[in-house]
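Student: Let me give you the structure first, and then I'll get to my questions.
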Amino acid sequence: LMVVGDGISGFQFVDIGDPSSPTIVGTFDTFGTASKVMMDGTRCYLADGCLEILVVDASVPSSPVLLGTYDTPVAALDVVVDGTIAYIADASSGLQIADISDPGAPAFLGALATADSANGVAFESGIVYVSDRFAGLQIVDVSDPTSPTMLGSVDTPGRANAVVLAGTIAYVADSSEGVQIIDVSDPMVPTILGTAETFRNANDVVMEGSLLVVGVTDGVTVFDASDPMAPVFLGTIPLATLTNGVAIDDGRIGAACGLDGAFLVDGAFDCAGCAPDLNSDGALDIFDLLEFLALFDASAPGADWNGDGVLDIFDVVSFLDEFSMGCA
């Protein structure tokens, strides 16, 4: 199941059991502007933009049920949940913290104003990391959630849109400045180590294993972060329009693309010895897409997929068509 924040159209619940044909199986209308989602089992925590956090039971995706709501002062843009506590990026009001032990009646626990406007959150071991728009990364001690305290911060060169953690490294999607790589081993003195260039505005960032996935202006850019301090560019998957949000699960990437809906880049076909299986591992998956994109970016002859002697968008379309058909 994939849950997509669909702006003024609420949240869409999408069955991705057949990744080649995702199907909307349920809709949950809201009064705000549906933004980020966190799923915990069959329970969804929905950041509803200008209004609130909604707690929804999605055990029956075709009929999602509202369990409770939590009003925030300004605009709930992102949420992360740890146990019975929700940490909310609430724009100009900063970080809001709610007790969700009773999902039918979430209650205020604490709050902390940030330097600019909180629009993304990540949590690890009693610390919340806030992407704070033009104030970069803010790091907050929430060991006592009723009294959060600022530990440290570091400004980033762009607009900090989202944050994800990998051990003692924080990756911040920093709009025109790509992904900022920040050492947070000492949360009181976070230090920018470098930049993973996306060459497009970086709007969202997620991780799975060593894959660092970035939602960019016109698609999804993927890095190998086996060395967290020096991610290696693997390729960009072109999509129709601005990618506002990304998610990854078991190598399957979901991308929310504004008015053009949601896209799914998947790896679940069994195959052996067919052309799109570029890494010859017997499965069509994201790594084959990245292999093709690397060939294309390098202007390698192998990227001339339609054999017309010219490397252009028609080769990308031809490869994706064959990839989507799977292997016999």
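Student: For region 1-116, report the convex hull volume of the alpha-carbon atoms normalised per residue, in Å³, without decimals. Please report the intermediate quantities before stating the final value.
Tutor: Details: hull volume 11.3 nm³, N = 116.
Spread over its residues, the Cα hull of region 1-116 gives 98 Å³ apiece.
Student: If you average the alpha carbon positions of region 144-165 and of region 32-90, how far apart do those two centres end up, in angstrom?
Tutor: Rounded to whole Å, the Cα centres lie 21 Å apart.
Every read-out reported here was derived from the displayed coordinates using simple, explicitly stated rules and does not represent laboratory data. Being a predicted model, the structure only gives us computed values, none of them experimental.
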